[in-house]
Amino acid sequence: AKSDGKAKWALFDPERNAREVARFTLSATMPAAIERGEFYLDYQPLVRLSDGQLVGAEALVRWRHPEFGLLAPDRFIGLAEETGQIVPLGRWVLREACRQARLWQDRFGQRAPFISVNLAVRQSRDPSLVADVAKVLAETGVEPGRLQLELTESAVMGTADEPLDALRALSAMGVRIAIDDFGTGYSNLAYLRHLPVHELKIAGSFVEGLRASAADGSHVVDARIVGTLVSLAHALGLGVTAEGVETEAQARRLDDIGCDSGQGWYFARPGPPDQITRLLS
Ligand code: C2E
Ligand code: CA
Ligand code: CA
């Protein structure tokens, strides 16, 4: 019994405990935080590599928390998935992004960027997804073709048929579907052929290796992988965007490889909607 007591004390880790308390607080305050307007969206440009034209903008959520300060999505998206709060939060993100897209649509017409919105796995399985999207598009007046939804491989390659049906319905409405972080998850290429997908977004981890040279030769392998993913996407009739483009050399290299678009700090960091507006003015 004595050693049991010791073991318990040894298990108490104050840092871990503080993290648990923070997680609990975040999860408990999330619903009210949506009401209070503590979330906001930054937008990061998606740029056509051949001519540097802005073609789209990815909406990235942030939480201005009264106690913890500015929180990046890594701090709360996973948590929101676990608790199911990702569904109301995701609805808010979609509506807010479309509200902004409508402003750009009115101001820039055909030159307006499409808006790209991340969908968590749980949202992709939500039975009201298609109705929610249709409603938001109707209410905000955004053309369906100006909305892109980004899903991870695990969200689209699921075993159940429902998400696939939802994607088909969205695609039939004219909404674009992109696979996010492509190459990092479980990909069934045979299955990919039958998916209503329009765009592959190549994960930044592959782009990182596209520097001039590395001592271990890894740059050659990475360039081949990216080249293969681009060929694959084009063979399937899909567009390709490279994520995490940080240098001009990478942007050039990607353009040479035939990649369609890029996103990353080399073009612009995620920022307020004004950044996009300025790029178009
Ligand atoms: P993601 O969808 O892969 O988004 C791209 C992330 O890469 C963003 O991080 C962006 O700030 C970062 N990034 C952009 N350019 C560069 C670059 O050149 N170099 C590097 N190192 N990083 C770059 P962020 O904003 O922290 O978002 C992290 C993740 O959180 C996102 O990854 C996405 O999975 C998730 N997320 C963000 N917003 C939402 C949302 O509204 N809903 C859902 N479900 N997930 C979201
Ligand atoms: Ca994304
Ligand atoms: Ca991504």
### Query
If you place +1 on the Cβ of every Lys and Arg, -1 on the Cβ of every Asp and Glu, and leave all else neutral, what size is the dipole of the chain about its Cα centre, to the nearest 20 Debye?
360
### Message
Compute the angle between helix 129-140 and the longest alpha-carbon principal axis of the chain, please, reported from 0 to 90 degrees and rounded to the nearest 10.
### Response
70
#### Entry: Extension gain, Glu20 back to Ser154 (0.36 nm per residue minus Cα-Cα distance, nm)
45.5 nm
### Message
I'd like the FRET efficiency for Arg252 and Arg168, computed as 1/(1 + (r/R0)^6) with the beta carbon distance as r and R0 of 30 Å, rounded to 0.05.
### Response
0.20
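Take the solvent-accessible surface of the protein heavy atoms, probe 1.4 Å, and return the percent of it on the chain that carbon and sulfur atoms account for.
On the way: 7510 of 14200 Å².
For the chain, the apolar C and S fraction of the accessible surface comes to 53 percent.
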### Message
Can you give me the accessible area per residue for the chain, using a 1.4 Å probe, in Å²?
### Response
51
### Query
What is the set of long-range amide H partners of His65 at a cut-off below 5 Å, with H atoms built 1.01 Å from backbone N?
Leu70, Leu71
### Task
Using the Karplus curve 6.51 cos²θ - 1.76 cosθ + 1.60 with θ = phi - 60°, work out ³J(HN,Hα) for each residue of the stretch 58-73 in order, rounded to whole Hz, and write x for Gly and Pro.
8, 7, 10, 7, 9, 10, 8, 8, x, 9, 9, x, 6, 10, 6, x
### Task
Mind listing the long-range amide H neighbours of Ile177? Cut-off is under 5 Å, sequence gap 5 or more, other chains count too, H placed in the peptide plane at 1.01 Å from N.
Leu149, His198, Glu199
### Message
I'd like the antiparallel share, as a percent to the nearest 5, of DSSP beta bridges with both residues in the chain.
### Response
40
### Query
Just from its helices, what would the mean residue ellipticity at 222 nm be for the chain, if runs of 4 or more DSSP H residues each count -39500 (n - 2.57) and the sum is divided by every residue, rounded to the nearest 500 deg cm²/dmol?
-15000 deg cm²/dmol
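May I ask you to list the chymotrypsin sites (Phe, Trp or Tyr not before Pro) in the stretch 176-281 that are in a DSSP loop and have at most 11 other Cβ atoms within 10 Å of their Cβ?
Working: sites: Phe182, Tyr186, Tyr191, Phe206, Trp265, Tyr266, Phe267; in loops: Tyr186, Trp265, Tyr266, Phe267.
Filter output for the stretch 176-281: Tyr186.
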### Query
Between Arg278 and Ser205, how many nm apart are label points set 7 Å from Cα along the C-beta direction?
3.4
### Task
Convert each backbone phi in the stretch 231-239 into a coupling constant with the Karplus relation 6.51 cos²θ - 1.76 cosθ + 1.60 (shift: θ = phi - 60°), then list the ³J(HN,Hα) values in order as whole Hz, x for Gly and Pro.
4, 4, 4, 5, 4, 8, x, 9, x
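The values are calculated or read from the model by the stated rules, or taken from the named source; none is laboratory data. All values derive from a computational prediction rather than experimental measurement. Note that we place each Cβ from the backbone using ideal geometry, even for glycine, and neighbour counts take in every protein chain shown. We work out accessible area using only protein heavy atoms, side chains counted, and drop any ligands, DNA or RNA first. Shrake-Rupley method; radii C 1.70, N 1.55, O 1.52, S 1.80 Å.
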